[in-house]
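The values are calculated or read from the model by the stated rules, or taken from the named source; none is laboratory data. Remember, it's a predicted structure, so these values are computed and weren't measured experimentally. Counting neighbours? That spans all protein chains shown, and the Cβs are built from the backbone with ideal geometry, glycine included.
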Amino acid sequence: EHSDIYIDDRKVGEGTYSADLTPGPYRLKAVRPQHADAEREVFIRLAQTENVTLVPAPKTGYLSIASEPFEAGGAEIWIDGRRQEQHTPAVIPLLEGSYEVRLKKEGFADAFEQVEIRERETTNHVIRLGKTVTSNAASVINKYIEAVGGKSQLESIKDFSIKMTASTMGVQIQIMRYQKAPYYSLQKMQMGGMTLQQQLFDGVKALIVSQMGVQEFTEGEIFEQAKLQSVMNLELNYADYGITKELLGVEKVNGKDSFKLAVFLPCGTSSFEYYDIESGLKIQTVSGENLTTFSDYQVVDGMLFAHKIVHEAGSQITEMVVDSIEINTGLELVFFKIKE
């Protein structure tokens, strides 16, 4: 990469530069990213040639990189997609800046971290490599099903009611969600006892009722998503609804090694799901700019349910805390009837 050349703080070229200048004093400067500026004062005399070489000094720091567990030592080091000569553990000089550091070793899944290098400092990083992923999407989902209570327990759910308190921008909203097998759902959002919005699905059409009016959908992306969200325990038979899932690898989510699954819906949209490798529980979903995190799993009637859900959409963050969950209370079908 060439340096930018300045004469009296005015950029005049890149790399090399020559010009006829009026006799007199000049301040020359060479500027290059991640380097210290090189400057020099010169006096140009009549009928004389002045040759000047300016070399910006690199702003160098050091990356001390190691891998764990012990048997992951000697891993290949890749920095911004370029393989390094060294293997872990190693100390590598780098220009200041941000880098993606990826470690690779046979028998282990690749692992990477973003590191920041500062001039004249040593940045220490230890990256943990997980064993090679031998799972597939189906085995990840099966482990999740077992983690939350098992297939038979999930199949025993005929209906459920969840009440949550959502907090966003200092405002609290009550959310009530009701669901009945095989694919009926009703969700209400209230604030101060006043209903802000209702979302219903009766197996035939989706309805969104708000203060702005009524929206009805019998096809399209909103309808398809409402339909899938209303299926009881969709994880048990997602393939029957045209959903495909693909295991992409292992990534860290909030410090935990997690399986990353790509999810493709029949309407053409896609998203990502993350499952904690150790517990098998779903801990995060990402769809476009929307990120949802699940935590605080608690036992209700022999099954685990996330009791804290944080939804991020751009800069807006909504935290939802589950107040109560009731299972198999005998919700009647008429409860989900969409009135014409």
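Taking the conditions (1) of a type in the set (D, E, K, R); (2) assigned to a strand (DSSP E or B); (3) within 26 Å of the chain's Cα centre (by Cα) in turn, LYS163 satisfies each one other than (3).
Screening the stretch 13-35 for residues that are modelled with pLDDT under 95 and of a type in the set (A, V, I, L, M) and picking the one that is farthest from GLU116 (Cα to Cα) gives LEU21. THR285 falls short on exactly one of the conditions (1) exposed (fewer than 14 other Cβ atoms within 10 Å of the Cβ); (2) without any contact (Cβ under 8 Å) to a residue 24 or more places away in the chain, and that condition is (1).
Table: residues versus (1) within 28 Å of ILE277 (Cα to Cα); (2) under 20 Å from the mean Cα position of the chain (by Cα); (3) buried (at least 17 other Cβ atoms within 10 Å of the Cβ).
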| residue | (1), (2), (3) |
| --- | --- |
| ASP80 | yes, yes, no |
| PRO89 | yes, no, no |
| LEU94 | no, no, yes |
| VAL126 | yes, no, no |
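Quick one: GLU319 ticks every box in (1) crowded, with 17+ Cβ neighbours inside 10 Å; (2) closer than 23 Å to TYR178 by Cβ; (3) modelled with pLDDT of 95 or more; (4) not aliphatic (A, V, I, L, M) bar one, so which box is it? Unmet condition: (1). Only one of the listed residues (HIS307, HIS311) is surrounded by 15 or more Cβ atoms within 10 Å (Cβ to Cβ), more than 14 Å from the chain's Cα centre (by Cα) and without any contact (Cβ under 8 Å) to a residue 24 or more places away in the chain. That residue is HIS307. Report yes if GLU1 is within 27 Å of GLU100 (Cβ to Cβ) and surrounded by fewer than 15 Cβ atoms within 10 Å (Cβ to Cβ), otherwise no. Considered against the rule, which asks whether it is within 27 Å of GLU100 (Cβ to Cβ) and surrounded by fewer than 15 Cβ atoms within 10 Å (Cβ to Cβ), GLU1 comes out as yes.
Of all residues in the stretch 105-119, those being more than 20 Å from the chain's Cα centre (by Cα) and surrounded by 18 or more Cβ atoms within 10 Å (Cβ to Cβ) number 3. Note on the stretch 168-223: among residues that are among the polar types (S, T, N, Q) and farther than 21 Å from VAL310 by Cβ, the one that is surrounded by the most Cβ atoms within 10 Å (Cβ to Cβ) is GLN179. Is at least one residue of the stretch 139-153 touching a Phe, Trp or Tyr at 6+ places or on another chain (Cβ under 8 Å) and over 20 Å from GLU273 (Cα atoms)? Scanning the stretch 139-153, I find no residue that is touching a Phe, Trp or Tyr at 6+ places or on another chain (Cβ under 8 Å) and over 20 Å from GLU273 (Cα atoms), so the answer is no. Among the residues of the stretch 236-253, those that are modelled with pLDDT of 90 or more and either more than 30 Å from LEU200 (Cβ to Cβ) or crowded, with 17+ Cβ neighbours inside 10 Å (or both) comprise TYR238, LYS245, GLU246, LEU247, VAL253.
Of all residues in the stretch 265-281, those that are under 15 Å from GLY249 (Cα atoms) and surrounded by 15 or more Cβ atoms within 10 Å (Cβ to Cβ) have Cβ atoms under 9 Å from Cβ atoms of residues that are among the acidic types (Asp, Glu) and modelled with pLDDT of 95 or more, 6 or more apart or on another chain, in GLY280/GLU146. Could you list all residues from the stretch 1-17 that are assigned to a strand (DSSP E or B) and either charged (D, E, K, R) or under 22 Å from LEU95 (Cβ atoms) (or both)? If the condition is that a residue be assigned to a strand (DSSP E or B) and either charged (D, E, K, R) or under 22 Å from LEU95 (Cβ atoms) (or both), then ASP4, ILE5, TYR6, ARG10, LYS11, GLU14 are the ones that fit. Looking across THR60, THR16, one residue alone is polar (S, T, N, Q) and surrounded by fewer than 10 Cβ atoms within 10 Å (Cβ to Cβ). It is THR16.
Quick one: what pairs do we get from the stretch 121-147, first residue within 30 Å of ILE92 (Cβ to Cβ) and modelled with pLDDT under 95, second assigned to a helix (DSSP H, G or I) and not polar (S, T, N, Q), C-beta under 7 Å, 6+ apart or different chains? Short answer, once both residue conditions are applied: LEU129/ALA72.
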